[in-house]
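A short reminder: the numbers here are calculations on the coordinates, not readings from a lab. Quick caveat: nothing in here was measured; it's all calculated off a predicted structure. Neighbour counts are summed over all protein chains in view; Cβ atoms, including those assigned to glycine, are modelled from backbone coordinates with ideal geometry.
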Amino acid sequence: MDNRSEWMYRMKRMESQYLLHVRKFVAVAKAHHESLNRTTTICQCSHCMNMRAHADSEVQSHLIRFGFVNDYTVWTFHGEKSRCEWFGLFTVCVSCSAPNSRKDHFFVGTTSAST
């Protein structure tokens, strides 16, 4: 499963791969909210719809119970720029397909690229 829409919307929520991806997402979201000196994460489940914030464990629970809000493959509420999307273990800029080694693009999950 290469892209987010595959695991976020097509996998069964109790599959081990879905649970692994949810844990990874919560780790990214936690890093983002900690970088903003916040104690909670905006919940992107289909129930909260990016309008409520909870503890990380509750966000994870909501994603397993309710699934993700529709069409949230670019995690703009969780520190990601709108033009980049997750593909497997690295990011690629959707607008130009630049790999994550480019310095002039923003890529979540890397330390080598910047805005």
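Count charges around CYS48 for me, please; just the other residues with Cβ under 14 Å from its Cβ, Lys/Arg as +1, Asp/Glu as -1.
0
Can you report the principal axis dimensions of the stretch 8-47 using only the alpha carbons, biggest first, rounded to whole angstrom?
So the extents along the principal axes, rounded to whole Å, are 33, 20, 11.
Net charge within 13 Å of ALA27 by Cβ-Cβ distance, Lys/Arg positive one each and Asp/Glu negative one each, not counting ALA27 itself?
+1
Got a sec to turn the phi values of the stretch 9-20 into Karplus ³J(HN,Hα) couplings, 6.51 cos²θ - 1.76 cosθ + 1.60 with θ = phi - 60°, whole Hz, x for Gly and Pro?
With the stated coefficients, the stretch 9-20 comes to 10, 10, 7, 6, 5, 9, 5, 4, 5, 4, 4, 4 Hz.
Treating each Cα of the stretch 4-73 as an identical point scatterer and ignoring solvent, apply the Debye formula and state log10 I(q)/I(0) at q = 0.14, 0.20, 0.22, 0.23 Å⁻¹.
-0.36, -0.75, -0.90, -0.98
Taking H as built 1.01 Å from N, whose amide H comes closer than 5 Å to the amide H of PHE68, not counting residues under 5 places away?
Distant-sequence amide H within range of PHE68: SER46.
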